[in-house]
Amino acid sequence: MAEKRSDKITIIEVARRAGVSTATAGRVLGGYGYASDENKEKVRAVAEELGYRPNLLARGLITGKTQTIGVVAGDIESPFYASILRGIADVARSKGFGVIVTDSDEVFQRERDAVQLLMEKQVDGIIVAPCDLESSRHLQDALAAHCPVVQIDRFVKGLKADSVTLDNRGAAKEAVQILLRAGHRRIGIVAELEQSTFGDLRTFIGMNSFSSVEPGTLYPSWQRLLGYLEAHAESGVPVDERLVRRVGAYSSAAAREETLDLLRGGDAPTALFTADGLMSAGVMGAISTLGIELPRELSLICFDDLDWMSFLRPSITAIAQPLNEMGRAAARLILARIGGDDTPIEQLVLAPRIRMRDSVTSLLSQSAT
């Protein structure tokens, strides 16, 4: 049993008790250099007995490693990031790494400050959800300092760093195609669309061809809008731009107000597609306020499969994102880079899947009767 001591046990005391030099004890406890099996056994036994805890920063000065990964999340209160962080932590822990989590609140200056803080803490690598897809000087500086970077959910144009993202366009396109095949021709979309690397909304909607648009240069909500537009174009169904609602903020309250305006207007949609969980919460608030019955009066598909969507009656058809796997994949990539992997950068794209439930009705069957 370890002795209970109020003062901090030093490596000098461990070495003295084990009958070895301080340098030998340091090599054993720091996991570097050579030490005989006999000395390893003695040092580790004494360290356990005394309750010795290594100084990771001091060890990092010698080994160049602190066994820590830094993470800059967009919003740590969001279930989206909570699932990703769990995946990162599970993989990191299995390899003996700790995780330091910071939060940018989707504000660029806070992201830069967070990266600077993690660099000062001498983390071995950084996983980041970049909030600006054009500016990357702080991430370039991290790479130049030999600190690997892995991007999640989105990636910065031109940054030579690994990324793990989702096929937002493909998943959104598939969801809207389900509604189109069900006979819906007026399908609304409620999306955040706060930041843009493309331009104004009207120009984006009015594009004659989408083949020239590289999804990776767009924020996720714009990628989902792209899928919405492509589904219509391939089905030969024109898009009424009045059905495309740009909320302009990560706010369920703002999404609710935008949806109320959409559903109260003339020639309202027969179906809705929401571009993320917060938008879905706002849309459900508006539907409840107006007393609209799903799916008899309105069909609904949501991007992000949140817990409550399967509990409601009728349950909500939703796109489930492999968030835990995104975190695990990002952790595996960063650990490989920390370990010296110098293969070409990887841009992993994971595929969400649609969970069909009860919130979509077919207009074709209604017209047949």
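The values are calculated or read from the model by the stated rules, or taken from the named source; none is laboratory data. Just so you know, these numbers come straight off a predicted model, no measurement behind them. Cβ sites come from the backbone with ideal geometry, for glycine too, and all protein chains shown count toward neighbours.
Test Gly206 against the criterion of being in the same structural domain as Thr259 (by TED's automatic domain parsing), among the small types (Gly, Ala, Ser) and closer than 22 Å to Ser280 by Cα, and give yes or no.
No, not satisfied.
For Arg53, indicate whether it is at pLDDT 95 or above and of a type in the set (Lys, Arg).
The answer is no for Arg53.
Report every pair of residues separated by at least 6 positions or lying on different chains whose Cβ atoms are under 7 Å apart, first residue within segment 77-101 and more than 26 Å from Pro352 (Cα to Cα), second at pLDDT 90 or above and assigned to a loop (DSSP other than H, G, I, E, B).
Gly96/Gln67; Phe97/Gln67; Gly98/Gln67; Ile100/Lys121; Ile100/Val123
Those residues that are in contact with a Lys or Arg (Cβ under 9 Å, 6 or more places away or on another chain) and among the β-branched types (Val, Ile, Thr), I need them from segment 313-349; list them, please.
Correct list: Ile316, Thr317, Ile319, Ile338, Ile345.
Among the candidates Val190, Val176, single out the residue that is closer than 29 Å to Ser251 by Cα, assigned by TED's automatic domain parsing to the domain that holds Glu258 and more than 21 Å from the chain's Cα centre (by Cα).
Just a single option satisfies the conditions, and that option is Val176.
Looking at (1) closer than 27 Å to Leu363 by Cβ; (2) of a type in the set (D, E, K, R); (3) modelled with pLDDT under 95, which one does Asp307 not meet, given that it meets all the others?
Here Asp307 clears every test but (1).
Where in segment 268-369 are there strands (runs of 3 or more DSSP E), lying wholly inside it, with at least 3 residues that are surrounded by 21 or more Cβ atoms within 10 Å (Cβ to Cβ) and either touching a residue at least 40 places away in the same chain (Cβ under 8 Å) or in contact with a helix residue (DSSP H, G or I) (Cβ under 8 Å, 6 or more places away or on another chain) (or both)?
Hits in segment 268-369: 271-274, 299-303, 317-320.
Of all residues in segment 200-241 being charged (D, E, K, R) and in a helix (DSSP H, G or I), which is farthest from Phe303 (Cα to Cα)?
Ranking the qualifying residues of segment 200-241, first place goes to Arg202.
Matching residues to (1) more than 22 Å from Val115 (Cβ to Cβ); (2) crowded, with 24+ Cβ neighbours inside 10 Å; (3) modelled with pLDDT under 95:
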| position | (1), (2), (3) |
| --- | --- |
| Ala142 | no, no, no |
| Gly170 | yes, no, no |
| Leu179 | yes, yes, no |
| Arg186 | yes, no, no |
| Val244 | yes, no, no |
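Being at pLDDT below 95 and of a type in the set (Gly, Ala, Ser) is true for just one of Ser196, Ser280. Which residue is that?
Answer to the selection: Ser196.
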